[in-house]
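Here's the structure, in structure tokens; my notes come after.
The values are calculated or read from the model by the stated rules, or taken from the named source; none is laboratory data. Since the model is a prediction, treat every value here as computed from it, not as a measurement. Positions of Cβ are backbone-derived with ideal geometry, glycine not excepted, and every protein chain shown enters the neighbour counts. Quick note on the areas: whole protein, heavy atoms, side chains included, nothing else; ligands and nucleic acids left out. Shrake-Rupley method; radii C 1.70, N 1.55, O 1.52, S 1.80 Å.
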Amino acid sequence: MEALSLIILAIAGVGVLLVGAVAGLVVTRRRKPAPLPDTHTDVIVPTDPDAPPVEVSSPPATIETVPELEPEPAAEAPAPVLDKPESTASRLVRLRQRLAGSQGGLGRGLLALLSRERLDEDTWESIEDVLIGADIGVAPTQELVDRLRTRMRVEGGTAAEARTVLREELINLVDPGEGLDRRLKVSGEDGRPGVVLVVGVNGAGKTTTVGKIARILVAEDRSVVLGAADTFRAAAVEQLATWGERVDVDVVCGPEGTDPASVAFDSVRQGVETGVDTVIVDTAGRLQNKQGLMDELGKVKRVIEKQAPVTEVLLVLDATTGQNGMIQARVFSDVVDVTGIVLTKLDGSAKGGIVVAVQRELGVPVKLVGLGEGADDLAPFDAGAFVDALLG
């Protein structure tokens, strides 16, 4: 029994040793967890304050950086296309034709009456009615009829003779030769620019006329500055700026509501400093029955003349207004001493007699006529061409 007990104890001891060996083998084969890669993400690692500073490593190779694209340069605005204004000679030919088409009725009516076999009192009364209806005026009409009566009795009554007599007498009526200088005074003296002040009521085509005059001067190789002194209408300032861009002319303007005299003064000052040939100043469309506004127009002229004398004051009249235009002409002439007339819209329903009436009333010549909406539909007035157009 003792031997059996010893054998059992030995077996138990061997078993314990085997179990311990197996357990130790299992522990030695256990793997430690791998350390995290050094990616320096948003995990904050505590650092030793006494340790030297450590540079932050670059981002992991798996993160690709996209290079920044340089911004494309802004496209330059295209340069404005400049117009080439029509020469004075060519526009005169074209405008004579247009005037003949619109005003020929007056002359043809007169010729038909004068060519009758018998010129009795009824015929002469009809001639007077035609002339007065054409806005020539009562006094000029009576003078013309008296001269026609005398010459027709002496020189005969054929159609050809009647036309010759009528043409000569109409030219005498339109261009009496009493010192009417139709030249546009656009040149100054003593190195200063000529200053053209353009006045008139709204709707007469004043701002458009300023732009068209600039085109005429540019076509003659003159340098020009435009002054947008119609500061009460933003549309007028924008319109004038457009006219200036089309022929590469500087336009001086101010904010809407600026004192017109201030803009006019700055315009002439720039013209003096830059040495241009001519400064053209657009003004507000003054109502002739508003005395305060008319006084302001006089102030504009006085302020301009602190820089340079005003060489020309052009009154723009709508030729279709008839006798209303005459009232406007008288009032403006009293305020700013008008030196020339611009008749616009003469190709429409206008009656050619307004040329005679306004010259007789003011004693100043019609210098320019407008015959359409085109940029070059403005030309110097020529009495002979005008009468020929009337006669058709």
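Key figures for this structure:
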{"quantity": "Solvent exposure, largest accessible area first (probe 1.4 Å, DNA, RNA and ligands not counted), of 238, 161", "calculated": "238, 161"}
{"quantity": "Net charge dipole size for region 159-202 [Lys, Arg +1 and Asp, Glu -1 on Cβ; Debye, nearest 20]", "calculated": "240 debye"}
{"quantity": "Protein accessible area in region 196-341, 1.4 Å probe - carbon and sulfur %", "calculated": "45 percent"}
{"quantity": "Burial order of peptide ranges 241-250, 262-271 (average beta-carbon count within 10 Å, highest first)", "calculated": "262-271, 241-250"}
{"quantity": "Charge sum, other residues only, whose C-beta stays under 13 Å from residue 164's C-beta, Lys/Arg counted +1 and Asp/Glu -1", "calculated": "-2"}
{"quantity": "Total formal charge among the other residues, if their Cβ is under 14 angstrom from that of residue 209, Lys/Arg +1 and Asp/Glu -1", "calculated": "-2"}
{"quantity": "Peptide ranges 353-362, 135-144 listed from the most packed, as the mean C-beta count within 10 angstrom indicates", "calculated": "353-362, 135-144"}
{"quantity": "Charge dipole (region 124-263, unit charges on Cβ, about Cα centre) - positive-most of 158, 217, 228", "calculated": "158"}
{"quantity": "Distance from region 355-392 to region 269-342 (C-alpha centre basis), Å", "calculated": "19 Å"}
{"quantity": "Separation of alpha-carbon centers, region 189-249 and region 109-157, rounded to whole Å", "calculated": "42 Å"}
